[in-house]
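Asks: Pasting in a structure now, in structure tokens, and then I'll have a few things to ask.
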Amino acid sequence: MQAIIDNLKNFGINAYEEDNSLIVEGGHPTMATVQSFDDHRIAMAFIVLSIAAFGKYEIDNKECINISLPGFFNTIEVMQS
């Protein structure tokens with residue numbers, strides 16, 4: 001859960017853990033580099049968030065996505081066009 005919280009905070013969203021629950025309070029979204037923590041799920045989720053909010057993305061490690069969805073970036077390109 002900490003990877004989600006860290007990325008949300010990097011994107012300007014206030015989030016924290018309380019009693020084993022993720023609490024998201026909102027904020028003022030800003031563009032940030034996705035920190036994948038070498039986790040394909042985190043990487044894909046925050047790339048989608050970044051594209052939805054800003055029309056682009058930056059990520060620290062694209063390669064981790066190949067674990068579960070090697071065609072992910074082809075899909076993203078089609079969605080963006």
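Asks: Restricting attention to the range 6-58, and to residues there that are in a loop (DSSP other than H, G, I, E, B) and charged (D, E, K, R), which single residue is farthest from PRO70 (Cα to Cα)?
Replies: This residue is ASP19.
Asks: Do you know which residues across the range 7-43 are exposed (fewer than 14 other Cβ atoms within 10 Å of the Cβ) and under 23 Å from PHE73 (Cα atoms)?
Replies: Answer for the range 7-43, where residues must be exposed (fewer than 14 other Cβ atoms within 10 Å of the Cβ) and under 23 Å from PHE73 (Cα atoms): THR30, ASP38.
Asks: Next question. Considering the range 22-36 alone, what residues qualify as being closer than 15 Å to ILE59 by Cα and out of contact with any Gly (no Cβ under 6 Å at 6 or more places or on another chain)?
Replies: The answer is MET31, ALA32, THR33, VAL34, GLN35, SER36.
Asks: Then there is this: Only residues that are over 9 Å from the mean Cα position of the chain (by Cα) and among the aromatic types (Phe, Trp, Tyr): list them for the range 16-51, please.
Replies: Once the filter is applied, which keeps residues that are over 9 Å from the mean Cα position of the chain (by Cα) and among the aromatic types (Phe, Trp, Tyr), the range 16-51 yields TYR16, PHE37.
Asks: Another question, then. Give the residues of the range 52-81 that are under 9 Å from the mean Cα position of the chain (by Cα) and small (Gly, Ala, Ser), sorted by residue number.
Replies: Across the range 52-81, there are no qualifying residues.
Where a number appears in this text, it was derived from the coordinates with a stated rule and is not lab data. Remember, it's a predicted structure, so these values are computed and weren't measured experimentally. Using ideal geometry, Cβ is built from the backbone for each residue, glycine included, and neighbour counts are taken over all protein chains shown.
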